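Asker: Okay, handing you the structure first.
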Amino acid sequence: MSFASLSLIDPLLRTLEELGYDTPTPVQKQAIPAVLAGRDLLAAAQTGTGKTAGFALPLLQHLTMDTAQASAHAVRCLVLVPTRELAEQVYESFRKYGGKLPLRSYVAYGGVPMEPQIAKLRKGLDVLVATPGRLLDLHRQGALLLDQLQTLVLDEADRMLDLGFSRDLDAVFAAVPKERQTLLFSATFSDAIRGMAAGLLRDPLSIQASPRNTTAKAVRQHVITTDKKSKPELFLHLLRKRGWGQVMVFVKTRKGTDQLVATLQAAGVSADAIHGDKPQPARLRALERFKSGQVQILAATDVAARGLDIQALPLVVNFDLPTVAEDYVHRIGRTGRAGAEGEAISLVCADEVELLRAIETLIRQVLPRTEEDGFEADHRVPSTGTPAVQTGGKPRSGAAKQGTARANGKSARPAQPRPASPAAAPARGKSIPARPARSQAGGAARNPSGTAAGTLPQGKIVMAAGRGAKSAAKAAAKSASKAGGRPPKR
Ligand code: AMP
């Protein structure tokens with residue numbers, strides 16, 4: 001199938017040809033005709049699926065064909081995103097795809113002066129990409145009018161809720177016209193997202209897409225147990241011993257990210273950090289330097305890294321485990337792209353065992369563990385006792401994409417208690433033997449309508465992996481929250 005067969009106009013087709021896009025991705029095949037037809041969309045799609053072009057191309061076409069002009073301060077199409085980085089990325093996509101079209105687009109987020117944004121809005125805009133907080137500030141000041149809005153896009157809606165934008169979003173929903181097109185993209189579907197979708201969307205087309213090139217994707221995942229204090233030295237040791245090339249390393253807190261970067265730089269390793277405390281230009285510069293290969297190690301918090309399109313990383317290291325189990329899936333999704341084999345290594349200390357349990361429950365695997373000579377844990381990392389169905393290898397994408405195991409989940413229902421098996425306990429320096437499937441978490445994940453997870457029938461919304469898997473994940477997440485306490489600054 002070609003882009004031309006999706007009825008895109010000539011200027012867009014020429015741009016796509018110049019970009020070297022010859023085949024639409026699955027999400028684009030489904031989204032483009034539906035958005036052109038004016039339908040609402042509920043899409044389970046994350047970065048890497050081509051989702052941005054999936055909504056940007058038809059919206060740009062629609063805005064070009066409909067010759068109505070936005071009046072002063074008004075916006076015709078609004079794209080809400082959770083982070084500044086994603087805002088820049090999505091705005092860049094609109095500029096790239098709409099390069100041959102006479103449209104005005106702009107990006108607005110917090111942490112930078114508001115005046116240029118106010119000035120830009122004066123003449124009105126066709127497309128505004130914004131984070132919710134700054135958008136509301138602009139609206140409350142009268143710099144932005146939402147009454148002419150035709151299309152509202154919520155990109156990474158789950159992340160916006162995770163970041164506490166729920167009330168801001170409600171305020172935006174109250175300010176936009178009832179008659180409009182709404183497109184909602186989310187990597188995961190919690191009850192809150194479902195509720196939001198039910199209130200916002202009218203007869204939406206539901207689509208689900210897996211990341212591009214995931215069919216051939218294989219990520220080798222393993223855990224190296226150690227003590228918390230040994231992690232920086234262990235990271236440096238592994239970097240040297242294993243001759244690592246470029247590594248994206250995930251750290252729980254902003255402070256921890258800076259500390260690791262300082263340790264690496266002191267040892268002569270080129271490293272940079274992206275996290276929420278860094279000014280926007282510094283974050284973008286770090287990202288560009290990493291992408292161009294000038295920097296070997298990019299240390300990031302989950303929030304700052306979410307949605308970044310960094311291609312073809314051979315290795316991702318979890319210096320700390322994430323407090324939200326799903327972030328583990330997002331993190332390791334950054335390796336093994338484009339059909340290449342990737343590796344994800346997690347440095348895990350005793351404090352993190354509940355987080356590890358939540359992750360293993362979510363992905364339904366016990367991750368193989370090893371220890372590194374000279375860095376053995378004095379505080380042994382206990383067995384997670386996870387009733388996994390396989391060890392190592394690739395996470396089950398259905399569970400990974402659709403399950404919800406939040407370390408800070410509040411409404412968790414307890415899972416059936418299951419005894420921890422000695423088979424799940426790691427032997428020093430050895431992989432954990434595989435265990436047979438258990439009925440609760442094993443087998444093909446099934447949604448309530450009985451279809452295998454990952455094969456969403458058109459027009460139906462599959463919200464969860466197997467019931468057992470979901471409640472088990474929630475229970476594990478609940479116990480993780482007890483251990484984790486308050487979420488750190490990310
Ligand atoms: P996204 O999921 O929107 O972040 O896109 C992921 C990456 O895929 C971006 O670098 C896009 O430029 C690229 N991309 C999107 N659609 C296509 C396509 N049809 N062919 C080739 N590359 C694409």
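Asker: Give me the percent relative contact order of the stretch 4-208, please, defined on Cα pairs under 8 angstrom at least 6 residues apart.
Answerer: Answer for the stretch 4-208 is 29 percent.
Asker: Can you give the local net charge around Arg76? Use residues other than it whose beta-carbon is closer than 15 angstrom to its beta-carbon, Lys and Arg +1, Asp and Glu -1.
Answerer: 0
Asker: Counting pairs of alpha carbon atoms under 8 Å apart in space and at least six apart in sequence, what relative contact order in percent does the stretch 219-396 give?
Answerer: Dividing the mean separation by the residue count of the stretch 219-396 yields 33 percent.
Asker: Please report the net charge: other residues with Cβ closer than 10 Å to the Cβ of Ser346, K and R +1, D and E -1.
Answerer: Cβ neighbours under 10 Å give a net charge of 0.
Asker: Taking square-rooted eigenvalues a ≥ b ≥ c of the alpha carbon gyration tensor, is the stretch 24-91 rounded, prolate or oblate, where a/c under 1.5 means rounded and, failing that, a/b exceeding b/c means prolate?
Answerer: The shape class here is oblate.
Asker: Just list whichever of Lys51/Lys255; Lys51/Lys228; Lys255/Lys291; Lys51/Lys241 have alpha carbons separated by over 28 Å in the model shown.
Answerer: Too far apart for the 28 Å limit: Lys51/Lys255; Lys51/Lys228; Lys51/Lys241.
Where a number appears in this text, it was derived from the coordinates with a stated rule and is not lab data. Nothing here was measured: the structure is a model prediction, and the numbers come from that model. No Cβ is skipped: glycine too gets one built from the backbone with ideal geometry, and neighbour counts run over all protein chains shown.
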